[in-house]
Amino acid sequence: MKKTAFAAAAAAAMIFLASCAGPGSGKEFHTLFTGEGTRAPETVIVTLPPETVIVTVPVPAGTATPPEDTATPVTSERVTSAPENTSGTPGTSPSGAAFEIADSTLSLGGSSSAALKYPVFSELPSETVRKKLNEQLAEMAKFDFQYNERCKDYQDRIAEGQKVVYRTLSCDVTFMNDAFISVRWSAEYTAGNSDPLPLVFAHYMNLSTGKEIKPKDLFSDIGSVLDLLAAGKMKLVESTKNFASELDLELAVKQFRAGISYNTYPVTYMTGEGLVLIVSLDNPAGDFGEYFADFGSVGKYLKVTP
């Protein structure tokens, strides 16, 4: 981030958000994750009249780069049911694209390891796209672990003699039509004697290119989706134990809006019925909640046709 972005707002009044700490650190922190969870964070000062907030937004970590997609959004007919697949049972799209959920283990040294899951497609109209798609999905599963803010200290933990275990709990293709898929991962991260930290990720993949569809290419008006969340018109359908007691919804929406200026969007995924938006709290327990709105409410704010 250019230094001028900081200087422009440095003199304004600021609301300070607590900084992040690793699992088991004992520090209290409640900053909201505003992005995809696959980048190292950078503190950015964002002006929101009549006040200024400091918000942590993800940016590329080191020399590593996540899978990228420069393709334009795609459209197709709506699928009325979501093909969920966590057991390895094959699933198919309307065009006959077949997939299953694969498992792999990444050795981290010693007894430390990362158990990964990701969809693998056995059939697509284009063999080149099929190979690219499978490659990207496998890389995403690994990248979401290695460069997530909550897990990126795993090498330091191992060097300290701690056992690190990352385990993918589920991988669901929650939506698929002829044009794109939506994938949701849940996982947990444990370092040493710390309690397992729950994690959730989601990505959209273009079935015409085999690449990721970025949120900025998915939403035509993400601000209106956030208006629904702020107004209580999105239903909380799943959450960790203490999520509701710690949630400041007004602050959450404010931070999401701040991140949009930097193309940092909320984590979302689609089902056959609508859109789910994930709100993750940066507290020691890793609490998160998932909010649902049907396509009748959010469809007009999307660039793709679900």
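Can you name every residue in segment 139-162 that is closer than 15 Å to residue 202 by Cα, of a type in the set (D, E, K, R) and touching a residue at least 60 places away in the same chain (Cβ under 8 Å)?
If we filter segment 139-162 for residues that are closer than 15 Å to residue 202 by Cα, which is where we start, we get 139-145, 147-148.
Imposing the further condition that a residue be of a type in the set (D, E, K, R) reduces the set to 139, 142, 144.
Scanning segment 139-162 gives 139, 144.
I'd like the residue in segment 272-306 that is within 15 Å of the chain's Cα centre (by Cα) and of a type in the set (Val, Ile, Thr) and, out of all such residues, is surrounded by the fewest Cβ atoms within 10 Å (Cβ to Cβ). Please lay out each step first, then the result.
The first filter runs over segment 272-306 and keeps only residues within 15 Å of the chain's Cα centre (by Cα), leaving 275-282, 286-291.
This time we only want the ones that are of a type in the set (Val, Ile, Thr), so: 276, 278-279.
Details: 276: 23, 278: 21, 279: 25.
Once the filter is applied, the top-ranked residue is 278.
Please go through (1) buried (at least 16 other Cβ atoms within 10 Å of the Cβ); (2) more than 19 Å from the chain's Cα centre (by Cα); (3) of a type in the set (Gly, Ala, Ser) for residue 252 and return the number of the only condition it doesn't satisfy.
(2)
Tell me whether segment 256-270 contains one or more residues that are under 30 Å from residue 191 (Cα atoms) and without any contact (Cβ under 8 Å) to a residue 60 or more places away in the chain.
To start, the set of residues in segment 256-270 that are under 30 Å from residue 191 (Cα atoms) comprises 256, 259, 264-269.
With the extra rule that they be without any contact (Cβ under 8 Å) to a residue 60 or more places away in the chain, the set shrinks to none.
No, that holds for no residue.
Only residues in segment 289-306 that are in contact (Cβ under 8 Å) with a residue 60 or more places away in the chain and of a type in the set (Lys, Arg) count as the first member; pair them with residues that are assigned to a strand (DSSP E or B) and surrounded by 19 or more Cβ atoms within 10 Å (Cβ to Cβ), Cβ under 7 angstrom, at least 6 apart or cross-chain, and list the lot.
What qualifies is 303/219.
Read the figures in this text as sums done on the coordinates, not as results from a lab. Treat the numbers as computed from the prediction; the structure is a model and nothing was measured. Glycine gets a Cβ as well: all are built from the backbone with ideal geometry, and neighbour counts include every protein chain shown.
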